[in-house]
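The values are calculated or read from the model by the stated rules, or taken from the named source; none is laboratory data. As the structure is a computational prediction, the values presented were derived from the model and not from experiment. All Cβ positions, glycine included, derive from the backbone under ideal geometry; neighbour counts span all protein chains shown. The area values use the complete protein model at the heavy-atom level, side chains included, leaving out ligands, DNA and RNA. Shrake-Rupley method; radii C 1.70, N 1.55, O 1.52, S 1.80 Å.
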Amino acid sequence: MMLRPTADDHRVIGLYTGKIVLGVGLLMVLPLVTALVFAEWDTAIDFGIGLLACFGVGFGLQAACVTTQELRRRHGLVIVSASWLLATVLGALPFYLSGHVSGYLDAMFDVMSGLTTTGLYLVQDLDHISNGMNMWRFVLTFAGGQGIIVIALTALFKGVGGGIYHLYSGEGKEDRLLPNVVQTARMIWVVSLGWLALGTTALTVSALALGQAPARAFLHGLWVFMGAFSTGGFAPQSFNTMWYHSLVFEVLCIIIFVAGSLNFAVHWAVWTGDRGELRRNVETRSFAVTLGLFALVTAIGLARAGVYPDALPFIRKSFYLVISGHTTTGFGTVYSRALVTQWGPLAMLGIIGAMVVGASSCSTAGGIKGIRVSIITKTFIEEIRRTLSPESAVISSRYHHLKDRTLRDTTVRSVMLITIAFLTMHALVTLAGVLSGYPLVDAAFDGVSAASNTGLSCGLVSPTMPGALKSIYVLAMWLGRMEFVAVFALFGWLWSVVKGQ
Amino acid sequence: MRRLAFALALTVAVFALPASAMAEAVSSTRLIEAPALWDGHSITFTGEAIGEAMTRGDEVWLHLNDDAYAGETTEEGAALSGYNSGQAAVVSPELARAVTVFGDYRHRGDLVEVSGTFNAACAEHGGDMDIHVTALRVIRPGAAVEDPPETWKLALLAAAALFAAATGAAFAYRRSRI
C-alpha cells in the first residue's frame, strides 16, 4: 500500500530544498563579482536578478515549510531531485536575460548541461559572451561535478541526521571518505580545491606561453580547469580546446580530466598515503582495459578514413577524443562536424562505446561506470567457471574497491538494474534522434553523449534542433547524473500524493 | 545600415580584391562539410578576428569567424542565428600586426580577409584544420561595443530585491517563533 505523504513530509522537503536553492544563489556571487570586476554592468544586473530570485525562493520555501520533523530517508532523494530541478529553472535566469539563447528551454538546457557536467550547449555567439556569463557556465559545471548537495552539506548543514546520507547518495555518490557524511563532503572540497590551485596554475602558465595576455590566460586557465576536472567539457571559446593548438595544453587537460574522473575515495586514499589503491582498484584497472579497447576501435576507424597519414597527429587526435569521451569530459580538438565528415562511423562508434562505459563511480564523471562494467564482467566469468566446474565446487569472485570484497548476488542485481536502465535510456534517446530525422549514428552519438553526461557532439545538438528533442536531452542528462534513483523517487513521491492512502 | 555595409564589404572582398584573385572564396561551413575537397587548395577566407593573436615564435595563430555575428555582435543587436563558426589561420608576425581589434564581449573584431593554403589535417600543426596564410588584409576595422544596462532589467532587479526581502523577513519571523 502506498502511503500519502503528510503535510510535515512536504514541509521537510520544502525546508531543505529551500536551503539548497539558497546555496545556488550564493554560487551566483562568483559571476556577479566577475562581471563587476570587468565592468560588465548589464551582466551584473542579470546576476543580481538571478541571485535575488534564488534568495526569494529559498527563503520563501523555508518560511513556508518551518518544521521540527527530522529529515528521513524517504525525504532525502526527493529533496535532491527537487533541488536540481529548481536550480535548473532559477540558474537559467541569467542565461535568458543575457540575450544569448533563443528561449527559456535553451537556457535550462545549458544549466542542466553544466550542472550534470555534460558540456553540450545551446548558447549562441559564445565568442562574444561576457566574462561574467562565462564564469557562470564554469561555476555551474564545477559545482555540479562536486554536487550541489555536497556544497550545501559543506556550507549550510550542521546536523548529521539519518536522512543526510540520502541527500549525499542521491547525487550518485555512494562512497564515504570519512564516517561522517558532512566531513566526507568537506573532504571532497579539500581534494577539489587542491586540484583547482595546481591545475589552474599549470594551465595559466601554459596559456601565457601560448601567447595569451595575463588576464585572459588566468581566466582560460581557471575555466578550462573547471571544465576538465568536473569532466564537464564547456570551454570558453566556440573552438573548444582546439583554440590552443598545443600538445602541452592537451596533455595538461588529459591529466586533469582523468584525475576528475577518478573516484573521490581513490583520491582520498592516495592523498592519505595509500598510493597502491590507484593500481589495485578495480575501476582504474577496468578503465585502462576499456580505454585500450575503444582506442583501438577508434584507431581502426580513423586509419580506414585516412585523415591523418602521420603517426603523431593520428595518435594525438584519436587518443584525446577517446579519453575525453571515456572520462565523459567532452573536450574536443576537432570540429564537431568533422567527426562525420572526416572520422566516419567506425571511429564514432569507438567513441560512443567509451561514452557508454564512462569513468569511475563517486567522481565527477557520468556513464555506466567502470565498477559496474567490472562486476558484470566478473559475474560473467564466474558463471563460465561454474559451468565448467564440478557441481560440488564452491565458486566465488573477489574484487578490490577500497577494500577486498566478495561478489554477492545482491550487488550484481543492483548493478544490472542500473546498467539496464542506462542502456535502455541510450536506446531511447537514440530513437528520439532518429524519429526527429537525424541519421542513426549521429543520433546515437549525441544521444549517448547527453545521457552519459559527456558533451561531445557530431553537430546534431544545435539551437535549431526540435524543442521536444531538447527536452528529452535535458531529461536524459538529469537521469544520467542522478543515476535514475533520485528522479524516480521524485516521480514516486508525486504519484503517492495523487494515489496514496 | 551596419549589416548593409558588412554585406557590401564582403561582396567587395569576394569579387574584387587582387590578393584573392587566384583563390576561391570559401566559407567555414563549406570547408568543414567537405574538407577533403578543399585540402591543399588555395582559398580566400573572410572572417572576424576573435579572442587574440597567439604568437609562437615565427608563427601567429588567428581565429576568424565568418558566422552571422561577424558583422554585428549579439550585444549590438544582431538576431540570434546559431553557433559561431570559423577557421584557424597561421600567419607570419608581420602580417598579423595588421589585425588590432579582436572580437569579444566588448569588441567587434577586425573583419579580415586571408588567402592561403587550406589543410584539412595539417601534419605540421598536430592534425589541426587550418589555413596557412600568404596574404592578409583588414577589410573593415573592428570597434568597441557598448552594452548599457536596460531600464526594464533595473525594474526587474528592484522587484527581485523586494521579493527576496519579503521572504527573508518572513523566514526570520517564522524561525524566531519556533
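Give the residue, chosen from B:A166, B:A135, B:A159, B:A172, that is in contact with a helix residue (DSSP H, G or I) (Cβ under 9 Å, 6 or more places away or on another chain) and within 8 Å of another protein chain (Cβ to nearest Cβ). If you could, list the steps in order and put the result at the bottom.
Details: B:A135 fails: within 8 Å of another protein chain (Cβ to nearest Cβ); B:A159 fails: within 8 Å of another protein chain (Cβ to nearest Cβ); B:A172 fails: within 8 Å of another protein chain (Cβ to nearest Cβ).
Sole residue among the options that is in contact with a helix residue (DSSP H, G or I) (Cβ under 9 Å, 6 or more places away or on another chain) and within 8 Å of another protein chain (Cβ to nearest Cβ): B:A166.
Which fully enclosed helices (runs of 4 or more DSSP H) of region A:181-273 have 3 or more residues being closer than 29 Å to A:L122 by Cβ, β-branched (V, I, T) and at pLDDT 95 or above? Step through it out loud before you land on a result.
Details: elements: A:181-209, A:214-229, A:247-260, A:264-271.
Fully inside region A:181-273 and qualifying: A:247-260.
Collect the residues in region A:354-376 that are of a type outside the set (A, V, I, L, M, F, W, C) and touching a Ser or Thr at 6+ places or on another chain (Cβ under 8 Å), keeping them in residue-number order.
Answer for region A:354-376, where residues must be of a type outside the set (A, V, I, L, M, F, W, C) and touching a Ser or Thr at 6+ places or on another chain (Cβ under 8 Å): A:G358, A:S360, A:S363, A:T364, A:G366, A:G367, A:K369, A:G370, A:R372, A:S374.
Of all residues in region B:68-77, which are more than 7 Å from every other protein chain (Cβ to nearest Cβ) and without any contact (Cβ under 8 Å) to a residue 24 or more places away in the chain?
B:A68, B:G77 - these are the residues of region B:68-77 that are more than 7 Å from every other protein chain (Cβ to nearest Cβ) and without any contact (Cβ under 8 Å) to a residue 24 or more places away in the chain.
Quick check, is A:Y168 at pLDDT below 70 and either within 24 Å of A:S361 (Cα to Cα) or touching a Ser or Thr at 6+ places or on another chain (Cβ under 7 Å) (or both)?
Yes.
Somewhere in region A:284-294, is a residue touching a His at 6+ places or on another chain (Cβ under 6 Å), away from chain B (no Cβ under 11 Å), assigned to a helix (DSSP H, G or I) and under 20 Å from A:S324 (Cα atoms)?
Kept after step one, since they are touching a His at 6+ places or on another chain (Cβ under 6 Å), are these residues of region A:284-294: A:291.
Now drop any that are not away from chain B (no Cβ under 11 Å), which leaves A:291.
Then keep just the ones that are assigned to a helix (DSSP H, G or I); that gives A:291.
Remaining after also requiring under 20 Å from A:S324 (Cα atoms): A:291.
Yes; the residues of region A:284-294 include at least one that is touching a His at 6+ places or on another chain (Cβ under 6 Å), away from chain B (no Cβ under 11 Å), assigned to a helix (DSSP H, G or I) and under 20 Å from A:S324 (Cα atoms).
Would you mind finding the one in A:T184, A:T298, A:T290 that is in the same structural domain as A:W343 (by TED's automatic domain parsing) and open to solvent by less than 10 Å² (accessible area, probe 1.4 Å)?
A:T298
Could you please let me know if A:V78 is over 30 Å from A:L126 (Cα atoms) and surrounded by 23 or more Cβ atoms within 10 Å (Cβ to Cβ)? Please lay out each step first, then the result.
Numbers: over 30 Å from A:L126 (Cα atoms): yes; surrounded by 23 or more Cβ atoms within 10 Å (Cβ to Cβ): yes.
The answer is yes for A:V78.
Going through region A:59-83 one residue at a time, which ones are modelled with pLDDT under 90, more than 26 Å from the chain's Cα centre (by Cα) and not aliphatic (A, V, I, L, M)?
Within region A:59-83, A:T67, A:T68, A:Q69, A:E70, A:R72 qualify.
So which residues in region A:380-397 are of a type in the set (S, T, Y) and open to solvent by 100 Å² or more (accessible area, probe 1.4 Å), if there are any at all?
A:T387, A:S392
What is the one condition in (1) over 19 Å from the mean Cα position of the chain (by Cα); (2) open to solvent by 30 Å² or more (accessible area, probe 1.4 Å) that B:G127 does not satisfy?
(2)
Within region B:81-88, identify whether any single residue is at pLDDT 95 or above, in a loop (DSSP other than H, G, I, E, B), touching a helix residue (DSSP H, G or I) at 6+ places or on another chain (Cβ under 7 Å) and open to solvent by 10 Å² or more (accessible area, probe 1.4 Å), and answer yes or no.
yes
Is there a residue being facing chain B (nearest Cβ under 9 Å), at pLDDT 95 or above and open to solvent by 30 Å² or more (accessible area, probe 1.4 Å) anywhere in region A:105-116? Don't jump to the end; show me each part of the working.
Residues of region A:105-116 that are facing chain B (nearest Cβ under 9 Å), as a first pass: none.
Scanning region A:105-116, I find no residue that is facing chain B (nearest Cβ under 9 Å), at pLDDT 95 or above and open to solvent by 30 Å² or more (accessible area, probe 1.4 Å), so the answer is no.
For region A:69-77, indicate whether the set of residues that are within 20 Å of A:M482 (Cβ to Cβ) and in contact with a Cys (Cβ under 9 Å, 6 or more places away or on another chain) is non-empty.
Filtering region A:69-77 for residues within 20 Å of A:M482 (Cβ to Cβ) gives A:71-77.
With the extra rule that they be in contact with a Cys (Cβ under 9 Å, 6 or more places away or on another chain), the set shrinks to none.
So far as region A:69-77 goes, no, none of its residues is within 20 Å of A:M482 (Cβ to Cβ) and in contact with a Cys (Cβ under 9 Å, 6 or more places away or on another chain).
Touching a Leu at 6+ places or on another chain (Cβ under 9 Å) and within 27 Å of B:T151 (Cβ to Cβ): which single residue out of A:A107, A:A82 fits that description?
The match here is A:A107.
One line per residue, one yes/no per condition, for (1) within 14 Å of another protein chain (Cβ to nearest Cβ); (2) touching a Gly at 6+ places or on another chain (Cβ under 8 Å); (3) over 23 Å from B:H63 (Cβ atoms):
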{"residue": "A:Q237", "(1), (2), (3)": "yes, yes, no"}
{"residue": "A:G276", "(1), (2), (3)": "no, no, yes"}
{"residue": "A:G306", "(1), (2), (3)": "yes, no, yes"}
{"residue": "A:T341", "(1), (2), (3)": "yes, no, no"}
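Condition check: surrounded by 13 or more Cβ atoms within 10 Å (Cβ to Cβ), over 29 Å from A:S113 (Cβ atoms) and either assigned by TED's automatic domain parsing to the domain that holds A:R304 or of a type in the set (D, E, K, R) (or both). Does A:R405 satisfy that? Don't jump to the end; show me each part of the working.
On the way: surrounded by 13 or more Cβ atoms within 10 Å (Cβ to Cβ): yes; over 29 Å from A:S113 (Cβ atoms): yes; either assigned by TED's automatic domain parsing to the domain that holds A:R304 or of a type in the set (D, E, K, R) (or both): yes.
So A:R405 fits the description; yes.
In region B:89-119, which residues are farther than 16 Å from B:V138 by Cα and at the interface with another protein chain (Cβ under 7 Å from one of its Cβ atoms)?
Within region B:89-119, B:D104, B:Y105 meet the criteria.
Tell me, which residue of region A:34-80 that is in a loop (DSSP other than H, G, I, E, B) and within 19 Å of A:M135 (Cβ to Cβ) is nearest to the other protein chains (Cβ to nearest Cβ)? Let's see the steps before the verdict.
Step one: filter region A:34-80 for residues in a loop (DSSP other than H, G, I, E, B), giving A:38-40, A:65-72.
Among the residues that remain, those that are also within 19 Å of A:M135 (Cβ to Cβ) are: A:38-40.
Values: A:F38: 8, A:A39: 9, A:E40: 7 Å.
By that ranking, first place goes to A:E40.
How about region A:308-331: which of its residues are in a loop (DSSP other than H, G, I, E, B) and either more than 12 Å from chain B (Cβ to nearest Cβ) or of a type in the set (S, T, N, Q) (or both)?
Hits for region A:308-331 are A:T327, A:T328, A:T329, A:G330, A:F331.
For region A:317-327, check the following and say yes or no: at least one residue is surrounded by fewer than 19 Cβ atoms within 10 Å (Cβ to Cβ) and in contact (Cβ under 8 Å) with a residue 12 or more places away in the chain.
There is at least one residue in region A:317-327 that is surrounded by fewer than 19 Cβ atoms within 10 Å (Cβ to Cβ) and in contact (Cβ under 8 Å) with a residue 12 or more places away in the chain.
Can you tell me how many residues in region A:265-283 are open to solvent by 30 Å² or more (accessible area, probe 1.4 Å) and either of a type in the set (S, T, N, Q) or touching a helix residue (DSSP H, G or I) at 6+ places or on another chain (Cβ under 7 Å) (or both)? Steps first, answer last, please.
Narrowing region A:265-283 to residues open to solvent by 30 Å² or more (accessible area, probe 1.4 Å): A:268, A:270-275, A:278-280.
Checking the rest, the ones that are also either of a type in the set (S, T, N, Q) or touching a helix residue (DSSP H, G or I) at 6+ places or on another chain (Cβ under 7 Å) (or both) come to A:268, A:270-272, A:278.
Qualifying residue count, region A:265-283: 5.
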